[in-house]
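Working notes, beginning with the structure itself.
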Amino acid sequence: MLQSSKTLRTAIVAIAAMAGVTAAAQAAEFSVDQRDLRFEPAKLTIKAGDYVRFTDSDRITHNITIVNPDGSSEDKGMSTFSQHIVVQFDKPGEYHVLCRIHPDMKMTITVGEP
């Protein structure tokens, strides 16, 4: 009886520890709005694995282009206002986001360790 009680206690501790790791590892989602011809907020700090939801609240078309820390870029598109684009940032570093349609629209996303 003592051995099964000890085994059960060990199993409960292991499950609780795994649940804690799982909860800590879950990604968060942050919102960035395109309105009044700017990104709001203009700077954002997140952790690797987090998501950013970009929304176009202006009644004009914008796009999302992400310049990665290595200088490569990804055009995420966006064809209509009120559209949402969700991007996951997997690697730490500083990312520059811009609208190729409106060159003055820029923001920085700093991605830290998970």
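Since every read-out is calculated from the coordinates, none of them should be taken as a lab result. Computed from a prediction, not measured in an experiment: that's the story for all the values here. Heads up, the Cβs are rebuilt from the backbone with ideal geometry, glycines too, and the neighbour counts pull from every protein chain shown.
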statement: V86 vs (1) part of a loop (DSSP other than H, G, I, E, B); (2) within 13 Å of Y51 (Cα to Cα): all pass except (1)
- prompt: If you take the residues of segment 78-96 that are over 17 Å from K47 (Cβ atoms) and surrounded by 11 or more Cβ atoms within 10 Å (Cβ to Cβ), which of them is nearest to the chain's Cα centre (by Cα)?
  reply: I85
message: Among the residues that make up segment 86-107, is at least one of them in contact (Cβ under 8 Å) with a residue 60 or more places away in the chain and among the basic types (K, R)?
response: yes
- request: Starting from residues that are in contact with a strand residue (DSSP E or B) (Cβ under 8 Å, 6 or more places away or on another chain) and among the hydrophobic types (A, V, I, L, M, F, W, C), keep the ones in segment 60-74 and report whichever is nearest to D36 (Cα to Cα).
  value: I64
- prompt: Do you know which residues across segment 41-77 are assigned to a loop (DSSP other than H, G, I, E, B) and buried (at least 16 other Cβ atoms within 10 Å of the Cβ)?
  reply: G49, D50, D58, H62, N63
